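Below is one structure; the comments refer to it alone.
The values are calculated or read from the model by the stated rules, or taken from the named source; none is laboratory data. Just so we're clear, the structure is a prediction, and the values are computed from it rather than from any experiment. All Cβ positions, even for glycine, are placed from backbone atoms using ideal geometry, and neighbour counts span all protein chains on display. Heads up: the accessible areas ignore ligands, DNA and RNA and are worked out on the full protein's heavy atoms, side chains in. Shrake-Rupley method; radii C 1.70, N 1.55, O 1.52, S 1.80 Å.
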Amino acid sequence: MELDETRVYRLRKGMPRIATFLVLTLLINPLRADWPQWRGPDRSAHVQQRGDHLKSLPATAKVIWKRKAAEGLASPVIAGDKVFHFEAANGKEVLRALKADNGEEVWSQEIDDTFKDGQGPAGPRCTPLVDGDHVYAVSCRGELQCRKTGNGALVWRTSYTQDFGATFIGEKGNAPGASRHGNNGSPLIVGDRLYAFVGSTNNAGVVCFRKTDGKVLWRSQQEQAAYAPPIVQQVAGTDQLLCFMADGLLGLNPGDGALLWKVPVKTASARHVTIPVVIEDVVVISSHQVGMIGTKITKNGNAFSVEQAWLSKQAAMNFASPVVVGKHLYGLGPEKNLICVEGPSGNLKWSQTGYFSSSADKAHAAFIVMGENILCLTDGGELLLFAANPEQFTERGRVQVCGVNWCNPAYADGRLYVRDGIKTTGELLCLDLK
């Protein structure tokens, strides 16, 4: 079902953020429990179907199927009867479509040559995105392709480096962000538009494509890409494309790419990974070097003003994005600690240790909100269920499900799809949590 852009923006106008995304999701994929992109249907990592909210965890997670997973850090996604898995194979980054019920391969297509550095595996790091009968994949080197979900046939393609002049040199000199460690931030689709962090300083830091054929609708900013993905959120009563780039946080007009405001954030290597989240017009991002930053956005007529609402070193997050429930965000702090932070004020409500064994600098966790509970996958492969309660930490279950990983799993219909392995091959698993 194609959505007319005018219709989309009229639907969004004046609607609360969550309600807007629910309406759009139902229009695009009615009555389906897909997890078609990184962090779910609206990138909030919220499970929208009440019947899929977990109250507890099984003593042992039942494995429905599993298969070998080659190197790579891209997360699996689910659409209809297929799981889309992006991995390395024979020196190539390969996109695979698998049967969701048994993991058998339907088709595979090579996207680009692999890239390897000292920080991770020789494989893709950008999670695929499914929209209708199209699937989109971005390689570490900046090759963006749109293919048919049914047979993998190429629909359109572009190269961030060849077509827009983006820099990609790997671990050399002082190259920042994606030019150093590869493209990580999955593009975003809203209506007929695909937003991508191309990362070119040739006025193509952010590019908006028509999703059906790749036509460039607009290009904006002299910004190099970091690792965070784009997100459209309502801030100060206005839909904004939020971009956490190598040199700062930007708010753009989703319609034409015009800059609404910018907050400089300078760090040594631009390891800016967390997706921006919004709580009461406070946009929250985090960098392990600077800390967690809350920026208050205010609209005055047609102009916007920005003011730092708070800065918290206690809550500095490295590369695990937080989730938001009400006025609070939950995530992984700098001391291998689970934390709850009050969004408008930045106050640390609680901190809980004891669930992570890897180094504090590289600890990772993925979070999925399930109503009153939050499901957390630790980098050690343990699932933890805890209450989304800002007053205290309460564990509601834990179970070991896989090996070491930096994966954001996909969840649909009581099944969790997760890959493990960081610098080695691992497994892609489908687990029954009910």
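For the pair residue 281 and residue 62 in one chain, pulling the backbone fully straight at 0.36 nm per residue adds 74.7 nm over the alpha carbon distance. Of interest is the spacing of the C-alpha centroids, which for the range 99-140 and the range 187-225 amounts to 20 Å.
In terms of packing, defined here as the mean over residues of other Cβ atoms within 10 angstrom, the peptides 53-61, 404-412 line up highest first as 404-412, 53-61.
Kindly flag which residue pairs out of 262/296; 327/349; 266/349 have an alpha-carbon separation exceeding 20 Å in this structure. The partial results should precede the final answer.
Details: 262/296 12 Å; 327/349 12 Å; 266/349 28 Å.
Checking Cα-Cα distances, 266/349 exceed 20 Å.
The range 358-410 and the range 263-338 have Cα centres lying 20 Å from one another. Surface composition of the range 304-371: carbon and sulfur atoms hold 44% of the protein heavy-atom accessible area at a 1.4 Å probe. Note on residue 172 and residue 155: the model spin-label points, each 7 Å out from Cα along the C-beta direction, lie 3.5 nm apart.
What net charge do the residues around residue 306 carry, taking every other residue with its C-beta under 12 Å from that of residue 306, with Lys and Arg at +1 and Asp and Glu at -1?
Details: positive: 262, 296, 299; negative: 281, 307.
For residues surrounding residue 306, the net value is +1.
Approximating the spin labels as points 7 Å out from Cα along Cα→Cβ, the residue 202-to-residue 215 distance works out to 2.2 nm. Kirkwood radius, the range 132-173, all distinct C-alpha pairs, inverse of mean reciprocal distance: 11.4 Å. Rounded to the nearest 20 debye, the dipole size of the chain about its Cα centre is 220 debye, using +1 on the Cβ of Lys and Arg and -1 on the Cβ of Asp and Glu. With all protein chains kept in place, the per residue accessible area of the chain amounts to 37 square angstrom at a probe of 1.4 angstrom. Highest GNM mean-square fluctuation among 149, 114, 238, for the chain modelled with Cα contacts below 10 Å: 238.
Gyration tensor over the Cα atoms of the range 335-434: the corresponding equivalent ellipsoid has semi-axes (square roots of 5 times the eigenvalues, largest first) of 24, 17, 11 Å.
Straight-line cross-link reach from residue 211 at under 16 Å between alpha-carbon atoms covers these lysines, not counting any fewer than eight positions away in the same chain: 148.
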